[in-house]
Amino acid sequence: MTEFWLISAPGEKTCQQTWDKMMVATTDTNNLSNNHKFNIPDLKVGTLDVLVGLSDELAKLDSFVEGVVKKVAQYMANVLEDREDKVLENLLANGVDLVTYITRFQWDMAKYPIKQSLKNISEIISKQVSQIDNDLKARASVYNNLKGNLQNLERKNTGSLLTRSLADIVKKEDFVLGSEYLITLLVVVQKAAYADWQGKYETLSEMVVPRSTNLLCEDNDSGLFSVTLFTKAVDDFRHKARENKFQVRDFQYNEEEMKADKEEMARLSTDKKKQFGPLFRWLKVNFSEAFIAWIHIKALEVFVESVLRYGLPVNFQAMLLQPNKKTVKKLREVLNDLYKHLDSSAAAIIDSAMDIPGLNLSQQEYYPYVYYKIDCNIPDFKV
């Protein structure tokens, strides 16, 4: 599983004893989870009032930063056009895969100096990730606009003969140009109606030039025919063609316009390629930054909650558990048995909830030990 449980329990005679006891209960005896010590440095505690207020603020910040992490990852998937293998190999934190980063977590003293107060550290993270979020919106807007314009032009070149651009299909010699009296129209005819067209087009209206039709292009369903007639007969011809289910395209041959369309498409395609590299590098770097910030918030939350629950002096062991998929329920029961003495009322609520199917309690409120979940399914790929 790519889900981790970040928990803490008070130190017994030593924190090592707390760790050993948990290992015996969850892994050595039952093989319920893969476990790692989670190293949190000696942070400044501050006052009780500050800790209580900070607990709520960190919960909101946790949710916000997780959202930014997922947005950056999802946008990377969009930019890479959902090539799952490529996305996964670039979702790294500090140059390593996410599981490795979490299981070997070390506090980044340079980014988040522990001489600062807990409040200041949380504000540093908040500003940093807010900047990433704002930058993502700005960069995504520019790239999406470019990509959207290019897709619109590409769509014009790949639709049916009724709607697609004809710049790469028709040639100057297909048309009577510069005539005061004659005009060449383009008509889309279903393949099944080719014979019908050939038999009728000269008589659909007066003043159609005999034997002036040519098949210029075909797709799976229909063909594009040219036909030449006198300009003053155009309206009548259009009307009669529609009655016979031949569809006249609204098209005038303009070499400069078609050339401009081709040049615009080439320019947009070049611009997209130019922007792809810098954007992708930015996404890769800032996914790492946001993810690292998120795990530091988890560390702050565990520290604050552990001090609030277990008191001073600071004495607790933070532990990272990676549950085995089939043993999640059993692991919960074992942890409850192991730590229910820490909060008997919470343990009693859990015990009763286990007997009531469908009762969805807020888990964080009711576990007798400190608990936070870290879900590494980011985006909806397994990492």
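Read the figures in this text as sums done on the coordinates, not as results from a lab. A quick note: this is a predicted structure, and the numbers were derived from the prediction, not measured. Glycine also receives a Cβ, built like all others from the backbone with ideal geometry; neighbour counts cover every protein chain displayed.
To the nearest 0.05, what FRET efficiency results for Met109 and Ala193 with a Förster distance of 56 Å applied to their C-beta separation? Please report the intermediate quantities before stating the final value.
Values: r = 77 Å, r/R0 = 1.38.
After rounding to 0.05, the efficiency reads 0.15.
Given the pairs Lys284/Lys340; Lys298/Lys330; Lys119/Lys325; Lys272/Lys373; Lys71/Lys274; Lys127/Lys329, which span a C-alpha to C-alpha distance of over 32 angstrom in this model?
On the way: Lys284/Lys340 43 Å; Lys298/Lys330 24 Å; Lys119/Lys325 36 Å; Lys272/Lys373 39 Å; Lys71/Lys274 23 Å; Lys127/Lys329 38 Å.
Over 32 Å apart, Cα to Cα: Lys284/Lys340; Lys119/Lys325; Lys272/Lys373; Lys127/Lys329.
Quick one: compute the contact order of segment 172-252, relative version, from alpha carbon pairs under 8 angstrom and 6+ residues apart, as a percent. Could you put the intermediate results ahead of the total?
Numbers: 124 pairs, mean separation 31.8, N = 81.
So the answer I get is 39 percent.
If R₀ is 22 angstrom, what is the calculated FRET efficiency for the pair Cys217 and Glu257, using the beta carbon separation as r and rounding to 0.05?
Numbers: r = 19 Å, r/R0 = 0.85.
Computed FRET efficiency for Cys217 and Glu257 comes out at 0.75.
Please work out how much length the chain gains when fully extended from Thr100 to Leu308, using 0.36 nm per residue of separation minus the C-alpha to C-alpha distance, in nm with one decimal. All intermediate terms of the calculation are to be shown ahead of the outcome.
Numbers: separation 208, 0.36 × 208 = 74.88 nm, distance 2.95 nm.
Full-extension gain reported as 71.9 nm.
Give the long-range amide H neighbours of Cys217: residues separated by 5 or more places, or on another chain, with amide H under 5 Å away, using H modelled in the peptide plane at 1.01 Å from N.
When sequence neighbours closer than 5 places are left aside, the close amide H contacts are Leu224.
Give me the net charge of Phe225's neighbourhood, meaning all other residues with Cβ under 11 Å from the Cβ of Phe225; Lys, Arg count +1, Asp, Glu -1. Show your work: numbers first, answer last.
Details: positive: Arg249; negative: Asp174, Glu218.
Cβ neighbours under 11 Å give a net charge of -1.
In whole Hz, with x marking every Gly and Pro, tabulate ³J(HN,Hα) for segment 213-219 from phi via Karplus 6.51 cos²θ - 1.76 cosθ + 1.60, θ = phi - 60°.
In residue order, the calculated couplings are 8, 9, 7, 9, 6, 10, 10 Hz.
Using 0.36 nm per residue of separation minus the Cα-Cα distance, give me the extension gain between Lys245 and His341 in nm, one decimal. The partial results should precede the final answer.
On the way: separation 96, 0.36 × 96 = 34.56 nm, distance 8.29 nm.
That pair, Lys245 and His341, stretches by 26.3 nm at full extension.
If I stretch the segment between Asp236 and Gln151 completely, what's the gain in nm (0.36 nm per residue apart, minus their alpha carbon distance), one decimal?
Details: separation 85, 0.36 × 85 = 30.60 nm, distance 3.65 nm.
Working it through step by step, the gained length comes to 27.0 nm.
Using a 7 Å offset from the Cα along the Cα-to-Cβ direction at both Asn144 and Thr270, what is the distance between the two label points in nm, to one decimal?
2.7
For P(r) over Cα pairs in 20 Å bins from 0, in percent, which listed value, (1) 22, 34, 18, 18, 8, 0; (2) 30, 56, 11, 3, 0; (3) 21, 35, 30, 10, 4, 0, 0, comes from the coordinates shown?
Recomputing P(r) over Cα pairs in 20 Å bins from 0, in percent here gives the entry labelled (1).
Using θ = phi - 60° and the Karplus curve 6.51 cos²θ - 1.76 cosθ + 1.60, what whole-Hz ³J(HN,Hα) does each residue of segment 257-269 get, with Gly and Pro shown as x?
Whole-Hz 3J(HN,Hα) from phi for segment 257-269: 5, 5, 5, 5, 4, 4, 5, 4, 5, 5, 5, 4, 5.
Give me, ordered by chain and number, the residues 5 or more places off Phe316 or on other chains with an amide H under 5 Å from its own placed amide H.
The answer is Gly11.
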